[in-house]
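Note sheet for the following structure.
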Amino acid sequence: MVVGFTVLGWFIDGRAHTAPAFVFTGLAVGIVTACIFAYSQFRKFL
């Protein structure tokens with residue numbers, strides 16, 4: 001998820017010429033999404 005959103009941000013930055021803005025946004029969204037997914041998976045075992 002982290003890699004996917006980061007690559008998507010990199011792709012959007014390449015098209016829009018907005019250097020690191022969408023890469024960092026994609027990275028943040030990927031990290032949050034991965035944490036939510038991990039939490040939901042671990043919650044099944046608790």
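In this rough spin-label picture, where each label sits 7 Å from Cα along the Cβ direction, the W10-F42 distance is 2.8 nm.
Structural size metrics of the chain, computed from C-alpha coordinates, are Rg and Dmax of 13.2, 45 Å.
Values in this text are rule-based calculations from the coordinates and carry no lab data. Since we're looking at a predicted model, the values are computed, not measured. Note that each Cβ is placed from the backbone with ideal geometry, even for glycine, and that neighbours are counted across all protein chains shown.
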